[in-house]
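The values are calculated or read from the model by the stated rules, or taken from the named source; none is laboratory data. Every value quoted in this text rests on a predicted model; they were computed, and no experiment measured them. Using ideal geometry, Cβ is built from the backbone for each residue, glycine included, and neighbour counts are taken over all protein chains shown. Remember, those area values only see protein heavy atoms, side chains included, never the ligands or the DNA or RNA. Shrake-Rupley method; radii C 1.70, N 1.55, O 1.52, S 1.80 Å.
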Amino acid sequence: MRTTNSLIALLGAVALFGCSSSDTNPQPSEDELLAPPAEGTGVQYRMVSTLDPAQEIERCQLFVAPPEGLNVNREMVRFSGGSHHVLLYTTPYTSIPTETRRGVALDATQVHDCNDGPQADWEVDGVVAGSQSPSGNSFLGELPEGVALKVPPGTVLLMNTHYLNSSSKPVETDARINLYTIADDEVKVEAGMLFHYNPFISVPAHGRSTARMRCVAENDISVVRIQSHMHRRGVGYAANKVDLDGKMTELYTHDRWEGVPSQEFSPFLEVKAGESLDYRCDFNNVEDRAIAQGLTTRDEMCMLIGPYFPRSPAYENCQTEEGLVAATWYGNGTTTCVEAFECLGNAQDDAAAYGCVVNSCESVGPQLSAALACQMTGGNGACNEACSGEDAEACNACVGEACAAEMEVCQTATCN
């Protein structure tokens, strides 16, 4: 049986995403990649490493932003073939750490392996730039005049790549991210990056499933563009806007997990307070094992990513202004809210646990999500102290009391 604090650990540790890989393509020459920005117009972050024959590896490198900070108005990303993405994360560090979260000492200013995903070794709290195509659309792209994504002075940045060398010879990889900046007095509006992540993914062996999530905006925002992120089992994606009256308008659909297209909005997509972005990922698993949500290519992901303005930090990660979970997860099965919690109580692994939500019926999504969010956050924060130690009984008792109202509503929620 899963106790409440083990449920918190399983479902509450939702991280920013890892990666997928693709076959090695012909390597571009030095001139075909990307020259650094001209002096005074920006900065380039670059990772170069060598892949052994038939090697698949995820690597990281840490940098420090300039002492004056960065007002990023535009980005360009180019990388040699063989990688599904290149990413630049922000971190909470004020200086580059000398050891990983797992206690391994290393010089993080140099390229190093992080094959369990960057979050296994380093703390990350947002994304500045990145791309899922060696020569295609990047995440940030170009923002309107006077709009910039701000990187505070001295921020420690983490650059992450994932490469596969499918050849029989060593391959040199080269990944570059250019951040083009504007002066402080030119910034009229601060931008942010949507990074909506659905933790409830479970695809049975030789089976199909869908993961769907909705996030309500608390403030008016203008969305510049959106992109998806899935791993190799992703066979379909759709994003919609939900108006205040519940009407859904299709924004973006495709069937690709690599070479991912972006949806540009001109004019910008206006999402008013109380309206939502609702997205889903369709998966097809041809393997002999169940696939669950996770950070590596052995796992799956379902995300909605895109720049927007003005910045609303909580909404970037689908939270309320108070830092609570704001997502609604919808299943496409037949189980009720109560049955989903009974399933969670008996789940023996991650795939089974996430499947309890995936296999719930659509109509109980709001009630199930509210109850889950309460438990995932330790009674919406009321039980942080009780659930911080090893006393499962104390944690369970506190969360049971704090989430009683949500669980009562869950008990009455049925499938239509």
Return the residues of segment 188-206 that are in a strand (DSSP E or B) and in contact with a Ser or Thr (Cβ under 8 Å, 6 or more places away or on another chain); say none if nothing qualifies. 192, 202, 203
Looking at 314, 340, 373, which is the one that is assigned to a helix (DSSP H, G or I), more than 18 Å from the chain's Cα centre (by Cα), under 23 Å from residue 280 (Cβ atoms) and in contact (Cβ under 8 Å) with a residue 12 or more places away in the chain? 340
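Residues checked against (1) part of a strand (DSSP E or B); (2) farther than 28 Å from residue 291 by Cα:
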position	(1), (2)
213	yes, no
232	no, no
236	yes, no
249	yes, yes
258	no, no
268	yes, yes
273	no, yes
If only one of 218, 250, 172 is modelled with pLDDT of 95 or more and either on the phi > 0 side of the Ramachandran plot or among the charged types (D, E, K, R) (or both), which one is it? 250
For segment 51-160, which strands (runs of 3 or more DSSP E) that fit wholly inside it have 2 or more residues that are open to solvent by less than 20 Å² (accessible area, probe 1.4 Å) and touching a Cys at 6+ places or on another chain (Cβ under 9 Å)? 56-64, 83-90
Quick count over segment 315-331, residues being more than 25 Å from residue 414 (Cα to Cα), crowded, with 22+ Cβ neighbours inside 10 Å and not hydrophobic (A, V, I, L, M, F, W, C), is 1
Just checking, which of 382, 394, 352 is of a type in the set (A, V, I, L, M), in a loop (DSSP other than H, G, I, E, B) and at pLDDT 90 or above? 382
Hey, residue 239 hits all of (1) within 18 Å of the chain's Cα centre (by Cα); (2) surrounded by fewer than 19 Cβ atoms within 10 Å (Cβ to Cβ) but one; which does it fall short on? (2)
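Touching a Ser or Thr at 6+ places or on another chain (Cβ under 8 Å), part of a strand (DSSP E or B), open to solvent by 10 Å² or more (accessible area, probe 1.4 Å) and among the polar types (S, T, N, Q): which single residue out of 209, 167, 222 fits that description?
After ruling out the rest, the residue left standing is 209.
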Condition first: surrounded by 21 or more Cβ atoms within 10 Å (Cβ to Cβ), touching a Gly at 6+ places or on another chain (Cβ under 7 Å) and at pLDDT 95 or above. Can you find one or more residues in segment 283-297 that meet it? yes
